[in-house]
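> Have a look at this one.
The values are calculated or read from the model by the stated rules, or taken from the named source; none is laboratory data. Quick caveat, the model's predicted, so the values are computed rather than measured. Cβ atoms come from the backbone with ideal geometry, glycine included; neighbour counts cover every protein chain shown. For the accessible areas, the whole protein counts, side chains as well, though only heavy atoms, and no ligand, DNA or RNA atoms are used. Shrake-Rupley method; radii C 1.70, N 1.55, O 1.52, S 1.80 Å.
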Amino acid sequence: MLAEKLLLHVLIFLVPVLIYGVLFQKRRIDQSPYSYGLLHGFAAFLCMVFAYYNYGLYWDFRYVPLVLACLYGGPISGGIVLGFILLTRTILGGDALLFGYISGIMAAVLPFLFANKFMKYNPKKRVKMAIVIGSWPAFVMLGILLAYMFAQGFSSNKEILINIFLFGTIQIIGIGFAAMLTEMVIERHIMKQEIQRSEKLNTLGELAASIAHEVRNPLTVVKGFLQMMKAERKGDSYEYIPLVLSELGRAEAIINDYLNFAKPEFKKIETFRLSDVIYEVMFLMDALAVKQGVELINEFDSSCLIRTDRNQLKQALVNFVKNAIEATREGDTVTIGVKLSVNRVIVNVTDTGKGMNKEQLDRIGTLFYTTKDKGTGLGTTVSLRIIQSMNGKVSYRSEPNVGTEVTVCLPVESPKVNTQ
């Protein structure tokens, strides 16, 4: 009988996950803490109402929704569920009301401690942590209820111990399954966002390429005639020609960025040392670093060969390093590190600058978004497209007033380099 009741409770605390995945597809879980908390709060209420009473104990999974709400929805969601549990316990009443309050508060301590940092871990680790943290309220609840039972003069027997083991086993399996189901909802939301973003980028890319081609042709003609006028050194307006040519060059650079954004063009694929390109990038950026009062540091754990377009890779790395230098305060450092990981090479560009908050991190790579006072944000978007076209991946990690780390992961042609 106990197993049937507990399996019913498993279905009860799985329902909020399924409902949220269907009704709130456009929102992340942490963006709707009140809705998520209410759904799990109602699940906790149902678990308590349909609890199985035997041996002077109430057997239910009321704290599983609390754990899920705290970890995935945050403190607000967890607080709502805890409120549901305490209120329902008050309505139900009984001789052990005080024990119920103590049990609820103690069970909530560990989930609340991890509420703000849980989502920073990777999905696999989150599932494992959910199982471990979800076991804590079970131990608290059973410990307090058994203490109450013995205080009332009851004695334990073999059947109670079997039920306790059954209770713990079903809870661990249930919360693990609920966590995996929640991760699937989160993954589906991320994939949907990525698909929408890719569609928008492809549309914008086609539009940008079309406009850029149309604009570049007349610019080339104008630039050619101005260069001829400059060579003749005639006319009262000769002094303005260099300025006009400079602005035309800037316009041409922007148009080229649009074309790179639309479809990065790899003109020359070759095999080369990654370290050579990074040294070239550091040489190019050294003047800017000196001007900003920033020290460039290299930390190479390995050297390897990669096969791609050298100039395109250099352009992407220059942009990442340039952004890091411009974001770093005078007297601080920007570190470029390289390390090998199986068949991939990882380049880290780390600064100790102003950093970014979560909202800014989410918008990195969005067309025309920039954290600088001046700029279009196109350079970062182009760099991300270049790395993606190389079958690579770029990720950001940042904290305000601490700094930012850009991680570029690229496929390796050969992990070993012949230095002879």
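> How many nm separate the modelled label positions at ASN311 and GLU4, each set 7 Å beyond the Cα in the direction of the Cβ?
Taking the two extended label points, one gets 7.6 nm.
> Can you tally the net charge around PHE50? Count Lys and Arg as +1, Asp and Glu as -1, for every other residue whose Cβ sits under 10 Å from the Cβ of PHE50.
Within the 10 Å Cβ shell, the charges total 0.
> Provide the net charge surrounding ILE85, with neighbours chosen by a C-beta distance below 12 Å and charges set as Lys +1, Arg +1, Asp -1, Glu -1. Write out the running numbers ahead of the final one.
Numbers: positive: ARG62, ARG89; negative: ASP60.
Counting the neighbours of ILE85, the net charge comes to +1.
> Considering only the other residues whose Cβ falls under 15 Å of the Cβ of LYS291, what net charge follows from Lys and Arg at +1 and Asp and Glu at -1?
-3
> What Kirkwood hydrodynamic radius, in Å, does the range 5-136 give when the mean of 1/r is taken over all pairs of distinct Cα atoms and then inverted?
14.9 Å
> If you rank LYS124, LYS354, LYS192 by how much accessible surface each has, with a 1.4 Å probe, what is the order from largest down?
LYS124, LYS354, LYS192
> Tell me, what is the percent relative contact order of the range 58-122, built from C-alpha pairs under 8 Å that lie six or more residues apart?
It rounds to 43 percent for the range 58-122.
> To the nearest 20 debye, what charge dipole does the range 1-141 have about its Cα centre, counting +1 at the Cβ of each Lys and Arg and -1 at the Cβ of each Asp and Glu?
Dipole magnitude for the range 1-141 comes out near 720 debye.
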